[in-house]
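The values are calculated or read from the model by the stated rules, or taken from the named source; none is laboratory data. Predicted, not measured: the structure shown is a model, and the values here were computed from it. With ideal geometry, Cβ positions are generated from the backbone for all residues, glycine too; neighbour counts draw on all protein chains shown. Side chains are part of the model used for accessible areas, which takes the heavy atoms of the whole protein and leaves out ligands, DNA and RNA. Shrake-Rupley method; radii C 1.70, N 1.55, O 1.52, S 1.80 Å.
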Amino acid sequence: MHLNNQQAKRDGVSLRAILIGVILIPANAYWITKAEVVWATIHATVLSIFFNVIFTIFVLSIINLVLKKFFPYTALAPGELLTIYVILCIATSLFGHDMLQILVPLMTYAFWFATPENGWQDLFWNQLPKWLVVDDRNVMRGYYEGYTNFYNPQIILGWLKPVLFWLAFIVVLYFTMICVLTFIRKRWTEEEKLNYPIIQLPFEMTVNSTAFYKSKTMWIGFSIVVFLDLLHGFHRFFPFIPDFQTKFELAPYFSERPWNAIGWLPICFYPFVIGLAYFMPLDLSFSTWFFYLFW
């Protein structure tokens, strides 16, 4: 009974869940930055479900199952795991492809790439708020060329003011979005009863973790996808390993007017997309591919 009471108290937002989520943010930020900016091989943050967060929750939920068996008092409650998931999702969206990865170069681009030929200095330099941009080439040189120590008072002070102003804007923006969600939550979840496909997987991994990891069907599907991804990966590094095509470009088959105006029509088979579509309402999944073709 005492254990159940303690579990009930922790089944939600707790201090340790917040701490774990915050501690895991730098690792996920490094992962996304290396993958999307440095290597530019895969873009996790342009997808509807962030695979870096799913992998992190996967590891945590496996560890948690072990803790439940041997050290039940220390195991994380489902609500705590979901708290960590939400923290990492919000953080990933913040340093993702269409947020800070775009914002940081945007703060310097107009000044670093201005030339006498494009005339940017005369066109719009005086239109840009000085407190939102970095306009000193000596300050931004290390960002573009490297080989510069960031921990230089001049560089830090040059970046500090615009970063703080943008940080304030981002905090207000995210807070406003969360407030909007509180208004529409009841209509979506209680009246229209939307099923939120992208939360189904993390929900099962955290709330129903025991049944989820004991499911033979899940492991069969998981094994098939792992095999396919490994095969694609090995083929890329070792071309002599056979591979099969999962993406087909249909545009070349439409060579006559007016159909040749299509220009680009890829048909792809992604297991994770098929899995998400399985949970989508039929009218929504229908409209997705119908209007894609219509467009």
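So the values come out like this:
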item: Within segment 41-114, chymotrypsin sites (Phe, Trp or Tyr not before Pro) in DSSP loop having at most 13 other beta-carbon neighbours inside 10 Å; result: 113
item: With eigenvalues of the C-alpha gyration tensor scaled by 5 and rooted, segment 1-120, Å; result: 41, 14, 9
item: Value in Å of the Kirkwood radius, where the chain supplies the Cα pairs that are averaged; result: 23.5 Å
item: Solvent exposure of the chain as accessible area per residue, Å², 1.4 Å probe; result: 70 Å²
item: C-alpha center-to-center spacing [segment 208-264, segment 136-194] in angstrom; result: 35 Å
item: Karplus (6.51, -1.76, 1.60) ³J(HN,Hα), θ = phi - 60°, over segment 213-219, in Hz, Gly and Pro reported as x; result: 7, 8, 6, 5, 4, 4, 5
item: Theoretical FRET efficiency, 1/(1+(r/R0)^6), r = Cβ-Cβ of residue 259 and residue 216, R0 45 Å, to 0.05; result: 0.45
item: FRET efficiency, 1/(1 + (r/R0)^6) with R0 51 Å, evaluated for residue 121 and residue 69 via beta carbons; result: 0.15
item: Cβ charges +1 (Lys, Arg) and -1 (Asp, Glu), total dipole of the chain, debye; result: 960 debye
item: Accessible-area composition of the chain, carbon plus sulfur, in percent [1.4 Å probe]; result: 71 percent
item: Estimated Rh, segment 146-295: Kirkwood, alpha-carbon pairs, angstrom; result: 21.4 Å
item: Förster radius 30 Å - calculated FRET efficiency between residue 41 and residue 267, Cβ distance, rounded to 0.05; result: 0.85
item: Bins of 10 Å from zero: percent of alpha-carbon pairs in segment 228-295; result: 17, 33, 30, 19, 1
item: Computed [θ] at 222 nm, helices only, for the chain once each DSSP H run of length n ≥ 4 contributes -39500 (n - 2.57); result: -20000 deg cm²/dmol
